[in-house]
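Below is one structure, written out as structure tokens; the observations come after it.
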Amino acid sequence: METVRLGLIGCGGAMARFHETYFKDVQGLTYAACTDMKREAAEESAEKHGCKVFDSAEEMIDSGEVDLILIATPHFTHPIFAQRAFSKGINVITEKPLAVTAHDGQATIDAFESARKAKSDLIFAGMFQQRTFATWSAVKRLCTDGSIGEIMRVNWTITDWFRTQTYYDAGGWRATWKGEGGGVLLNQCPHNLDLLCWFVGQPSRVTALAELGKYHHIEVEDDVTAILQWPNGASGTFITSTGQTPGINRLEIVGKNGTLIADLMPGDEKHTLTYYRTHEPVDEFTKNCPERFAEIPADKLVMTPADGDKRPNHQRIVQNVVDTVRFGKGQDNLLTPAPEGLFGLELGNAMLMSGLKSSPVALPMPAEGELSRKAYADMIVHLGETSTFKKNEVKESKADMGSSF
Ligand SMILES: NC(=O)c1ccc[n+]([C@@H]2O[C@H](COP(=O)([O-])OP(=O)(O)OC[C@H]3O[C@@H](n4cnc5c(N)ncnc54)[C@H](O)[C@@H]3O)[C@@H](O)[C@H]2O)c1
């Protein structure tokens, strides 16, 4: 295929407007089509970028005029458009999250797998651009090359997702059960939840406190404190909030071979990675050390991973997808395969469910039962249908997407 014809769904939105800025720099990509519920927004895109306007996402997908769609609409629509595209053999990049619920995420993955039977090089990518950040690539390497070893504890505090009330008042769908389906776990944290599972695997049990509208006039969660347990007995915490500032982003991974701390403190431009490499595995040291009180000998390395690639991280994801589609390289060539997004999505679902039901939740969540994927999906629908919450008046405000990733 000479060029990949891209169709953008939700082109009038804040995120889509950002994507449009770099499409011209993606080799082998033609920005062929756009659509948005707000017709005038789509006309604006067409005029600026020379693409064709479709009345709806469905029409665009069915037109035969696009090879790839990028879904940048509110979360509930991601599975609907992705599944329709797969039924037509069209490749998909979905914005995060994969879906609102693991139940819907799984249905989308099933639709993809089934469509791949007829078209083996079909592609399903997720916009998890943080996987390409230099810091997170370095953490992934240290987690997989044996530098950390078997994990013992993982703590992540992410309170640098601060949002003002103006942010929540800028869109009718935002921070409502019916329109968005969740709060900080679904909107801001999909990146962190994806990274956590990518680094150290999905925990097997979650016990969480999820506080609704603690710092904002919203009905969904804006503050979460979760205790995590992994199948090997490792434990840890995941703490996040959109109500605290200055916020921090501090990840600590303690393993049998080393300890890693990734820190981003208020005012820092880059993460600092501090890695302690122990001279022997900690369990051996505990068993064999003749002293009563001792510190394990360790080398300390401090790094600030820098990114040589100056392209926006989103552009790198799109370029990778376009190359994969053009040269028929297949799903294994993707930097961010969307089906992997299910682990983080389900982890976030489990945190919210644990908080709202005051009960630990086991992972992977079973398909049926009291604390299942189905029960979670039903709970979100119920919260939306029974909501009596009055949102503040919706006021359009300027969005600087560059500071939101
Ligand atoms: N990857 C990232 O870092 C990142 C950052 C921000 C947002 N996002 C994701 O992007 C998505 C959109 O977020 P946003 O902040 O741009 O929202 P937004 O409200 O600014 O934009 C959504 C756009 O979709 C349009 N739309 C809604 N339903 C539609 C439909 N059925 N058909 C066609 N158009 C429709 C709306 O008119 C609007 O223009 C969300 O899922 C969000 O999680 C990702």
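The values are calculated or read from the model by the stated rules, or taken from the named source; none is laboratory data. Quick caveat, the model's predicted, so the values are computed rather than measured. Neighbour counts are summed over all protein chains in view; Cβ atoms, including those assigned to glycine, are modelled from backbone coordinates with ideal geometry.
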Here are some residues: GLU284, GLU291. Which one is assigned to a loop (DSSP other than H, G, I, E, B), farther than 20 Å from GLY201 by Cα and not assigned by TED's automatic domain parsing to the domain that holds PHE23? GLU291
Determine, yes or no, whether THR242 is surrounded by 17 or more Cβ atoms within 10 Å (Cβ to Cβ) and touching a Pro at 6+ places or on another chain (Cβ under 6 Å). no
With region 210-265 as the region, which strands (runs of 3 or more DSSP E) entirely inside it contain at least 2 residues that are among the polar types (S, T, N, Q)? 221-229, 235-241
List, please: which pairs have Cβ atoms under 6 Å, are six or more places apart or on different chains, and start with a residue in region 12-34 that is assigned by TED's automatic domain parsing to the domain that holds ASP55 and end with one that is outside any helix (DSSP H, G or I) and modelled with pLDDT under 95? ALA14/ALA399; TYR22/PRO312
Do we have MET37 as among the hydrophobic types (A, V, I, L, M, F, W, C), within 14 Å of the ligand (Cβ to nearest atom) and assigned to a loop (DSSP other than H, G, I, E, B) here? yes
Select the helices (runs of 4 or more DSSP H) contained entirely in region 63-159, then report the ones holding at least 1 residues which are at pLDDT 95 or above and farther than 30 Å from GLY308 by Cα. 77-87, 102-118
Would you confirm, using the coordinates I've provided, whether GLY182 is small (Gly, Ala, Ser) and more than 15 Å from the ligand (Cβ to nearest atom)? no
In region 27-44, the residues that are surrounded by 21 or more Cβ atoms within 10 Å (Cβ to Cβ) and within 25 Å of the chain's Cα centre (by Cα): LEU29, TYR31, CYS34, THR35, ASP36
Scanning region 72-87 for residues that are of a type outside the set (D, E, K, R) and more than 10 Å from the ligand (Cβ to nearest atom), the one farthest from the chain's Cα centre (by Cα) turns out to be SER87
Identify, by number, the condition in (1) within 16 Å of the chain's Cα centre (by Cα); (2) of a type outside the set (D, E, K, R); (3) buried (at least 23 other Cβ atoms within 10 Å of the Cβ) that GLN130 doesn't meet. (3)
Among (1) among the charged types (D, E, K, R); (2) in the same structural domain as PHE162 (by TED's automatic domain parsing); (3) farther than 24 Å from ILE151 by Cα, where does ARG326 come up short? (2)
Does GLU221 fit the bill of being crowded, with 18+ Cβ neighbours inside 10 Å, in contact with a strand residue (DSSP E or B) (Cβ under 8 Å, 6 or more places away or on another chain) and among the charged types (D, E, K, R)? yes
Which numbered condition trips up ILE69, out of (1) buried (at least 24 other Cβ atoms within 10 Å of the Cβ); (2) touching a residue at least 40 places away in the same chain (Cβ under 8 Å); (3) within 16 Å of the chain's Cα centre (by Cα)? (3)
Residue selected from region 88-123 under the condition within 16 Å of the ligand (Cβ to nearest atom) and of a type in the set (S, T, N, Q), by the criterion surrounded by the fewest Cβ atoms within 10 Å (Cβ to Cβ): THR108
Pairs under 9 Å by beta carbon, first residue in contact (Cβ under 8 Å) with a residue 24 or more places away in the chain and surrounded by 10 or more Cβ atoms within 10 Å (Cβ to Cβ) in region 274-295, partner of a type in the set (S, T, N, Q) and not in a loop (DSSP other than H, G, I, E, B), six or more apart or different chains? THR274/THR259; TYR275/THR259; TYR276/THR259; ARG277/THR259
Kindly indicate which of ARG153, ARG205, ARG141 is more than 16 Å from the ligand (Cβ to nearest atom) and free of Cβ contacts under 8 Å to residues at least 12 places away in the same chain. ARG141
Residue within region 2-18 that is within 15 Å of the ligand (Cβ to nearest atom) and among the acidic types (Asp, Glu) present: no
